[in-house]
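In what follows, a single structure is set out as structure tokens and then discussed.
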Ligand SMILES: *Cc1c(COP(=O)(O)O)cnc(C)c1O
């Protein structure tokens with residue numbers, strides 16, 4: 001399978017090439033040159049496979065440059081009960097009674113991995129496959145990232161102890177929750193460098209961009225990324241849509257709907273990829289919070305990104321985005337892989353102009369694609385957390401609450417609605433406590449984590465200081481080998 005750019009560049013290489021590179025040289029995102037499809041009967045035959053072996057079937061057609069035995073081994077090493085604290089890896093739990101007509105509301109548990117958020121599902125695979133590809137190529141990778149919480153901890157847990165990978169993770173000093181800080185800063189491995197930046201999240205992101213803009217520094221120090229546009233993350237996320245569908249054990253070809261708390265559009269795009277591969281997905285619900293750029297698009301036909309200063313801080317912070325980086329992949333597929341069209345739109349996006357699909361055939365294609373949307377507010381989240389706790393005896397986190405609320409709104413008789421649980425409530429306990437008046441349970445391994453010794457360094461908001469820091473740490477590591 002060859003990869004191409006959403007903006008027209010033809011040969012981006014193989015899976016391993018796009019795994020290690022960020023944006024395509026033309027500024028677009030990597031896409032497979034075609035999307036393999038499966039019949040309902042072929043998909044049905046995957047019932048009963050382990051999570052890892054199902055992942056192998058779903059991902060194999062996209063990965064032609066890793067021998068099948070190696071890929072299977074990597075996936076089996078990734079999706080273990082030890083890492084995900086459940087044999088099913090992604091258990092599917094009913095919320096209330098499955099209606100007599102076969103419908104009902106379900107929670108797809110994606111957050112039982114090391115960092116307690118769904119980002120582990122893909123990041124754990126990235127850790128394995130990076131190590132494998134770097135070993136084969138005899139290369140090293142220094143991941144430089146910015147996080148407001150969930151991505152950073154998922155990346156660090158995934159890269160722990162990996163000999164060929166170092167992680168330099170910037171976070172806004174003093175602005176993460178106590179739990180998130182403790183999660184990241186209590187990791188003391190030699191290849192993990194936590195940098196608390198004197199600034200806000202956008203400053204962290206700007207510094208990462210500034211370092212990446214220095215091509216010489218980037219090449220010399222093997223700087224790479226694990227951000228949400230990474231194709232391997234999207235692909236690994238498609239697997240749990242198949243898994244959830246097969247767990248329901250519906251007759252071959254019968255539809256299920258999904259509701260997805262959304263920010264950068266990576267998770268829900270993975271669902272659209274699964275649908276494009278032939279998985280019988282009816283509706284894919286894009287649930288947003290007050291930062292509702294995506295809801296504006298799916299309800300009104302106009303995509304208009306918002307500058308960072310117009311992005312509100314909400315109680316579902318991992319969805320606080322003003323532009324959805326993976327959205328370009330979706331519009332590219334909507335046009336039938338029309339790269340010149342996509343390129344033109346993103347030129348507009350880049351210059352702050354809206355993309356208006358109203359009255360065009362593209363808008364018809366959007367409406368035929370199964371994607372729908374809704375938005376919710378802080379009060380909605382509190383009410384939903386409280387109601388789901390009272391009615392179903394289940395505590396959910398504020399992001400998941402966004403998804404459950406909007407998912408219920410689109411529920412259809414006789415069709416299961418699967419709501420994706422994107423974090424455990426323990427990760428956002430302040431809001432959960434506000435909703436139900438008590439703290440959520442914490443997995444035992446995180447008891448008292450705020451008291452664990454922390455390792456991080458505070459840096460000023462300055463590119464040169466950051467570069468010097470990276471250079472010095474890498475020199476220090478070489479000296480100790
Ligand atoms: C990252 C994240 C999201 C948003 O997912 P996208 O793939 O960016 O749309 C939602 N909820 C939680 C808890 C997250 O960490």
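The values are calculated or read from the model by the stated rules, or taken from the named source; none is laboratory data. Computed from a predicted structure; not experimentally measured. Cβ placement follows ideal geometry from the backbone for every residue including glycine, while neighbour counts extend to all protein chains displayed.
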The range 134-167, subset farther than 28 Å from residue 430 by Cβ and part of a strand (DSSP E or B), residue nearest to the ligand (Cβ to nearest atom): 143
When the range 102-114 is examined, which residues are found to be at pLDDT below 95 and either within 13 Å of the ligand (Cβ to nearest atom) or assigned to a strand (DSSP E or B) (or both)? 104
Being in contact with a helix residue (DSSP H, G or I) (Cβ under 6 Å, 6 or more places away or on another chain), part of a helix (DSSP H, G or I) and closer than 17 Å to residue 204 by Cβ is the filter here; which residues of the range 426-466 pass it? 463, 466
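Taking the condition of being in contact (Cβ under 8 Å) with a residue 12 or more places away in the chain and either out of contact with any strand residue (DSSP E or B) (no Cβ under 7 Å at 6 or more places or on another chain) or not in a strand (DSSP E or B) (or both), how many residues in the range 363-377 meet it? Working first, answer last.
Within the range 363-377, the subset in contact (Cβ under 8 Å) with a residue 12 or more places away in the chain is 363, 365-366, 369-377.
Next, only the ones that are either out of contact with any strand residue (DSSP E or B) (no Cβ under 7 Å at 6 or more places or on another chain) or not in a strand (DSSP E or B) (or both) stay: 363, 365-366, 369-370, 376-377.
The number of residues fulfilling the criteria is 7.
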Long-range neighbours under 7 Å by Cβ, at least six apart or interchain, first residue within 24 Å of residue 94 (Cα to Cα) and assigned to a loop (DSSP other than H, G, I, E, B) within the range 258-271, second at pLDDT 95 or above and more than 8 Å from the ligand (Cβ to nearest atom): 262/286; 262/287; 262/288; 262/294
Within the range 324-349, considering residues that are outside any helix (DSSP H, G or I) and touching a helix residue (DSSP H, G or I) at 6+ places or on another chain (Cβ under 7 Å), the one modelled with the highest pLDDT: 335
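Within the range 450-466, can you find the residues that are over 16 Å from residue 192 (Cα atoms) and either surrounded by 16 or more Cβ atoms within 10 Å (Cβ to Cβ) or at pLDDT 95 or above (or both)?
Once the filter is applied, which keeps residues that are over 16 Å from residue 192 (Cα atoms) and either surrounded by 16 or more Cβ atoms within 10 Å (Cβ to Cβ) or at pLDDT 95 or above (or both), the range 450-466 yields 460, 461, 462, 463, 464, 465.
Out of the range 209-230, which residues are under 19 Å from the mean Cα position of the chain (by Cα) and more than 21 Å from residue 90 (Cα to Cα)?
Pass one, the range 209-230, residues under 19 Å from the mean Cα position of the chain (by Cα): 224-230.
Correct list: 224, 225, 226, 227, 229, 230.
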Among (1) within 16 Å of the ligand (Cβ to nearest atom); (2) assigned to a loop (DSSP other than H, G, I, E, B), residue 252 falls short only on (1)
As an exercise: evaluate residue 373 against (1) within 16 Å of the ligand (Cβ to nearest atom); (2) over 18 Å from residue 95 (Cβ atoms); (3) out of contact with any helix residue (DSSP H, G or I) (no Cβ under 6 Å at 6 or more places or on another chain) and give the number of the one condition it does not meet. (3)
Can you report the number of residues in the range 276-301 which are away from the ligand (no atom under 16 Å from the Cβ) and either closer than 23 Å to residue 36 by Cα or in contact with a helix residue (DSSP H, G or I) (Cβ under 7 Å, 6 or more places away or on another chain) (or both)? 9
So residue 190, is it surrounded by fewer than 19 Cβ atoms within 10 Å (Cβ to Cβ), away from the ligand (no atom under 16 Å from the Cβ) and in a loop (DSSP other than H, G, I, E, B): yes
Of the conditions (1) in a helix (DSSP H, G or I); (2) more than 30 Å from residue 38 (Cβ to Cβ), residue 196 clears all except one; give me its number. (1)
Looking only at the range 193-212, filter to residues that are without any contact (Cβ under 8 Å) to a residue 60 or more places away in the chain and within 24 Å of residue 159 (Cα to Cα); which one of those is surrounded by the fewest Cβ atoms within 10 Å (Cβ to Cβ)? 209
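If a residue has to be part of a loop (DSSP other than H, G, I, E, B) and away from the ligand (no atom under 11 Å from the Cβ) to count, how many in the range 305-322 make the cut? Walk me through how you get there before you give the answer.
Step one: of the range 305-322, the residues part of a loop (DSSP other than H, G, I, E, B) are 305-307, 311-316, 320-322.
Filter once more, keeping what is away from the ligand (no atom under 11 Å from the Cβ): 305-307, 311-315, 322.
Of the residues in that region, 9 qualify.
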Here are some residues: 108, 160. Which one is farther than 18 Å from residue 266 by Cβ and in contact (Cβ under 8 Å) with a residue 24 or more places away in the chain? 160
